[in-house]
Amino acid sequence: MGRYVIRRLLQALLTLGIVLFLLHYLMALSVQVRGNPALLFFGGDRTPDPAMLAQVERLYGLDNPCYERTGDPCLAPFVDRLQNFVRGDLGTTLNGNRDVAELLSIYIPNTLRLFAFSVITLVAVSMVLGTWAARHRGRFIDHTVRGTTILADSIPVFLILLTYVYIVAVPLTRWARDIWGTESFMGQVFRPSYNPDYPWTTIIVPGIIVGTVGLATMTRLIRAAQLENLGSDFVRTAKAKGLKPLRITVVHVIRNSMIPIITGIGFLFAFMLSGAVLTEGVMGIPGMGRMIFQAVQRQEGNLVIVGLTVSAFVVVVVSLVVDLLYAALDPRIRYE
Amino acid sequence: MAETMRVIGDTLPGVDRNAPLLEVDSLRVEFQVRGERIPAVRGASFTLEQGRTLAIVGESGSGKSVTSQAIMGILDTPPGHITGGRVLLHGVDILEQDEETRRTVRGNHIAIVFQDALSALNPLWSVGFQIGELFRVHRGASRREAKRRAIELLDLVGIPDAKNRIGHYPHQFSGGMRQRVMIAMALALEPEVLIADEPTTALDVTVQAQIMRLLKRIQAERHMGLILITHDLGVVADVADDVAVMYAGEVVERADIYDTFKRPAHPYTKALLRAIPRVDAVGGELEVIRGLPPNPAALPSGCPFHPRCFAAEDVCADEVPPWIEPAEGHGSRCHFAEEVYTDER
Ligand SMILES: Nc1ncnc2c1ncn2[C@@H]1O[C@H](COP(=O)(O)OP(=O)(O)OP(=O)(O)O)[C@@H](O)[C@H]1O
Ligand code: SF4
Ligand SMILES: [Mg+2]
């Protein structure tokens, strides 16, 4: 088990290294093709004094001649960047010269909160619906669940978001404030936008909306896993033991269906990242998704690299956790 | 014994102490497959007495497993449905009972051992948990009590080092040991009827004999009724008291073990017996029953065995044979049961 974890950690490190290099290469290409982002420092339009431009270029590590040669992977700046990252120096932004590490300390918690709520929503709702559909296979409930989840899945997230923000949120908020007051929990939950004074409460609804991404996929996955187990020999044994259907489902079906479910969550995580970009944008949440989006818009190469590395790191960690959960759930993997 | 009867009276009202332990009467099971109703069991009848072993034999697909699942109440419904007949436990028709009572019957009164213990045990729970679960659910036992009882049971079925093995998972046992676990689980609540559906088919030969000995020993100790479903007529000859032969979903012959082997009254049984490889028939050709088992969706008319029967006459294709008893307690569903019995055919 210990050796397994170490092996997986080394793999994760390698993956991150490769991601970092690819990001760096893309950034270098964009500089080579699109032009010098250091100009942004001066507001973009004006032509700066060459001496000052050179100074800014040096400051942001853009002074290397490789940035002039299209296609050059710019290895020397890559090594510099790695060294800086290892030292804990994540650099500063071109616009406003802000410390990237400090920005992350604001953005990361918000996105984590958003993910926490959306994972809870996704798992809870799809577990209940998938189990329900499996128990009533081929009947009305099964078809209804399938129809509804596919509908929920095929409506783009931004449409749900816009509908919520412009149509539902305001009357709901007013209604909740009239009953419980502005400062109450309920008074904040339905707000159409993020409120830094209530970083948890105002992220619940956006989290739930992101959680609907992949609901149909997840529900079908759970339904299929449970059906497979419901028809299995050990469930027949459980019936022969005189167990109640609920106990059979909880003890002998759900746990056995967890493996595809965990796989599904790991897989849907990538989708939820894109859901997060939209949601954070529309609902004004200062999170990683919005940060990366804006960084791309503003040609903040370094910020893009840091942001995407963080998200790659999260994906790697999630897949590591998924593998460890497999081992925890299934003794056949544990005792390999 | 006294304690067993008290339990029966508590959980199954209306028991008759003089009635046979288990009586299956004209049981019918149909499967609904793509809108069609396919009969898998078409009137199975047999009786099991306390302390006796009833062997059910017959080709693959003859409905042996479906019969046992219907008795247990664990048919896959849908597609399977019991469409007729009675299953009397101590004279009480358990098919008529509510679901609550039926659950009590499972495990407490009737238990089953399946063929493939590897798939019949849940791979994610320790064997101790899976055995102990019975005590916790049916007897309200605590975790510790359940564990203690599970260890006792593993001891009983001859698993060495039961104390440590209790925490192991099914895949950590050998085939024979796994089947012992399965048997321990079936025995947990001291059922009066044990159904063993091909309990040794998945095992290698030396282990098969050990498992059969174990089953017989425990049956004798507990005075249980045992229904043994098997393809192996050698095993039947060793352990059974009575035999029911199934063909195309029907019990076509029923007799005690002696009569079945000495004076079979159904051509199908006769053919089965001839198909046993014999050590004394040096160089003799092994006979097999010609033709294929019938398709349950399109059974031959009259006697379903007629296309393959060496004794068939014209009447066999037209008329369903009646149940004939050429001797007391020995019945056969064949137009010529008497002649086959007396070996004139
Ligand atoms: N779940 C099911 N759905 C449809 N048909 C079924 C199902 N289970 C069993 N059957 C049918 O019922 C018939 C009897 O099957 P059963 O399993 O009882 O045979 P068996 O005598 O136990 O054979 P074997 O010796 O191979 O175990 C078969 O024709 C089979 O196709
Ligand atoms: S009834 Fe006819 S076909 Fe059927 S078993 Fe008897 S002899 Fe053979
Ligand atoms: Mg079978």
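Values in this text are rule-based calculations from the coordinates and carry no lab data. Note that the structure is predicted; figures quoted are calculated from it, not measured. Quick reminder, even Gly has a Cβ in these numbers, built from the backbone with ideal geometry, and neighbours come from all protein chains shown.
Considering only GluC sites (Glu not before Pro) in DSSP loops that have at most 15 other Cβ atoms within 10 Å, the longest stretch of chain B without any of them is B:50-284. Each Lys and Arg contributes +1 and each Asp and Glu -1, all at the Cβ; summed about the Cα centre of the range B:211-345, the dipole is approximately 640 debye. Here the spin labels are modelled as points 7 Å beyond Cα on the Cα-Cβ line, and at B:Val33 and A:Glu102 they lie 7.4 nm apart. Going 7 Å from the Cα of A:Phe42 in the Cα-to-Cβ direction, what parts of the range A:87-115 have a backbone nitrogen less than 19 Å from that spot? Zone members listed by number: A:94-97. In the protein assembly as shown, a dipole from Cβ-located charges (positive for Lys and Arg, negative for Asp and Glu) runs towards its positive end, and of A:Leu59, B:Phe310, A:Tyr25 it is A:Leu59 whose Cα lies farthest in that direction. For A:Val79 and A:Thr148, the difference between the fully extended length at 0.36 nm per residue and the C-alpha to C-alpha distance is 19.7 nm.
For the range A:176-217, backbone nitrogen atoms closer than 15 Å to the point 7 Å from A:Ala116 Cα along Cα-to-C-beta are found at A:198-208. The charge dipole of chain B, taken about its Cα centre with unit charges on the Cβ atoms of Lys, Arg (+1), Asp and Glu (-1) only, comes to about 1620 debye. In a DSSP loop and with at most 14 other Cβ atoms within 10 Å, the chymotrypsin sites (Phe, Trp or Tyr not before Pro) in the range A:230-336 are A:Tyr335. Here the 3J(HN,Hα) profile of the range B:88-95, calculated from phi with Karplus coefficients 6.51, -1.76 and 1.60 at θ = phi - 60°, is 9, 10, 6, x, 9, 6, 6, 5 Hz, Gly and Pro shown as x.
In sequence order, the range B:256-265 has phi-based couplings of 7, 4, 4, 5, 4, 7, 7, 9, x, 10 Hz under the Karplus curve 6.51 cos²θ - 1.76 cosθ + 1.60, θ = phi - 60°, and Gly or Pro positions carry x. When exposed loop sites are taken as trypsin sites (Lys or Arg not before Pro) in a DSSP loop with at most 15 other Cβ atoms within 10 Å, the longest stretch of chain A clear of them is A:140-336.
Mean separation of Cα pairs under 8 Å and 6 or more residues apart, divided by the residue count, gives the range B:83-210 a relative contact order of 36 percent. Each of A:Cys66, B:Cys303, B:Cys309 was scored by other Cβ atoms within 10 Å of its Cβ. Listed from fewest to most, they are A:Cys66, B:Cys309, B:Cys303. Annotation for B:Ala19 and B:Ser301: the two label points, set 7 Å from Cα along the Cα-Cβ direction, are 4.0 nm apart. Cα centroid separation, the range A:251-328 to the range B:126-190: 43 Å. Shape analysis of chain B places it in the prolate category; the axes a ≥ b ≥ c from the Cα gyration tensor give an a/c of at least 1.5, with a/b above b/c. Could you grab the relative contact order for the range A:100-299? Cα pairs under 8 Å, six or more apart, rounded to a whole percent. Rounded, it is 32 percent for the range A:100-299. For chain A, the membrane-span-like helices by this rule, meaning whole DSSP H stretches whose C-alpha atoms cover at least 20 Å of axis and whose Kyte-Doolittle mean is -1.0 or above, are A:2-34, A:100-135, A:140-154, A:215-230, A:255-282, A:301-329; this says nothing about an actual membrane.
For B:Glu250, the residues 5 or more places off, or on other chains, whose built amide H falls under 5 Å of its own are B:Arg42.
Relative to the Cα centre, the charge distribution of the range B:118-190, modelled as +1 at Lys and Arg Cβ and -1 at Asp and Glu Cβ, gives a dipole magnitude of about 200 debye.
The C-alpha atoms of chain B define a longest principal axis, and helix B:175-187 lies at about 80 degrees to it.
Using Cα pairs closer than 8 Å and at least 6 residues apart in sequence, work out the relative contact order for chain B, in percent.
19
In a fully extended conformation the segment linking A:Val5 and A:Leu159 would gain 51.3 nm over its present Cα-Cα distance, using 0.36 nm per residue. Phi angles of the range B:143-155 translate, via the Karplus equation with coefficients 6.51, -1.76, 1.60 and θ = phi - 60°, into HN-Hα couplings of 3, 5, 4, 4, 5, 4, 5, 5, 4, 4, 5, 4, 4 Hz per residue; Gly and Pro are given as x.
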